[in-house]
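The values are calculated or read from the model by the stated rules, or taken from the named source; none is laboratory data. It should be emphasised that the depicted structure is a prediction, and the values quoted were computed from it without experimental measurement. With ideal geometry, Cβ positions are generated from the backbone for all residues, glycine too; neighbour counts draw on all protein chains shown. When the accessible area is computed, the model is the full protein with side chains, heavy atoms only, and any ligands, DNA or RNA have been set aside. Shrake-Rupley method; radii C 1.70, N 1.55, O 1.52, S 1.80 Å.
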Amino acid sequence: MKIGIDIDNTICNTSECVLNYVNQKIGTNLCIKDIKEYYMERFVPEEHKHLISQAFHDKEMWKNVSLFPTAKYYIDKLTNEGYDIYFVTATTFANIDEKSSFLKRNFPRININDKLINIKYKQLLNLDIMVDDFLENLIGERTYYSICLDYAWNQTNEPIPCFSRAMGWNDVYNKVKMVESLLKENENDVVTS
């Protein structure tokens, strides 16, 4: 089973670190729960919006980014259980080296050179499951089942087919197992028909 896993805010605290960077530069006190839309620039004063992209290019900011411990535990567990894990990000080419180094440090058993994909339209990928925090990557025409890590910026009342919301990585793991079970059931139904 092929599982795509987003990086920023899915396995690590990137947005929190970007907000800390902005807060230090302009003396604000923004935090994750204040961000109600995916693009956090909308919550920064107009004259300081450039600090968001500046943060993504700042090596000191990247040194503060840390892996969610439960993400590491469950990704390692999925890897040990034989799942085919891909890290899927939509980043600038300037940031891909930072993310690659970060993944190599934290997931030495996964060949990051072969398992890191940089793509804006994740729906183009042929995956079984995609885990992400950006709702736009989890809806529309796609081949995968979507698992959305819950944040204020990805709330919706719209029904979405083949979609689940996860409150943390234990929940992600359980939903992966549920999808796997459903796919096996579906395969058995096709074979017996």
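So is Arg109 over 20 Å from Val22 (Cα atoms), of a type in the set (Lys, Arg) and modelled with pLDDT under 95 or not? Here the answer is yes, as Arg109 does meet what is asked.
For region 80-92, the criterion of being assigned to a helix (DSSP H, G or I), polar (S, T, N, Q), in contact with a strand residue (DSSP E or B) (Cβ under 6 Å, 6 or more places away or on another chain) and within 24 Å of Val179 (Cβ to Cβ) is met by no residue.
Could we say that Thr70 is free of Cβ contacts under 8 Å to residues at least 60 places away in the same chain, on the phi < 0 side of the Ramachandran plot, of a type in the set (Val, Ile, Thr) and in contact with a helix residue (DSSP H, G or I) (Cβ under 7 Å, 6 or more places away or on another chain) here? Criteria not met by Thr70. Go through region 71-95 and give me each residue that's open to solvent by less than 50 Å² (accessible area, probe 1.4 Å) and closer than 16 Å to Thr10 by Cα. Passing the criteria: Ala71, Tyr74, Ile75, Asp76, Leu78, Ile85, Tyr86, Phe87, Val88, Thr89, Thr91. Just to be sure, is Ser101 outside any loop (DSSP other than H, G, I, E, B) and within 25 Å of Ala166 (Cβ to Cβ)? So Ser101 does not fit the description; no.
Of all the listed residues (Asn113, Asn170, Asn126), the sole one being part of a helix (DSSP H, G or I), in contact (Cβ under 8 Å) with a residue 60 or more places away in the chain and open to solvent by 10 Å² or more (accessible area, probe 1.4 Å) is Asn170. For region 173-187, filtering for residues that are of a type outside the set (Asp, Glu) and surrounded by fewer than 18 Cβ atoms within 10 Å (Cβ to Cβ) leaves 8.
Restricting attention to region 129-154, which residues are among the hydrophobic types (A, V, I, L, M, F, W, C), touching a residue at least 24 places away in the same chain (Cβ under 8 Å) and part of a strand (DSSP E or B)? Show your work before the answer.
Keep residues of region 129-154 that are among the hydrophobic types (A, V, I, L, M, F, W, C), which gives 129-131, 134-135, 138-139, 147-149, 152-153.
Next, only the ones that are touching a residue at least 24 places away in the same chain (Cβ under 8 Å) stay: 129-131, 134-135, 138-139, 147, 149, 152-153.
If the condition is that a residue be among the hydrophobic types (A, V, I, L, M, F, W, C), touching a residue at least 24 places away in the same chain (Cβ under 8 Å) and part of a strand (DSSP E or B), then Ile129, Met130, Val131, Ile147, Leu149 are the ones that fit.
Within region 27-47, residues that are without any contact (Cβ under 8 Å) to a residue 12 or more places away in the chain sit with their Cβ atoms under 8 Å from residues that are among the basic types (Lys, Arg) and surrounded by 14 or more Cβ atoms within 10 Å (Cβ to Cβ), at 6+ positions apart or across chains, in these pairs: Glu41/Lys49.
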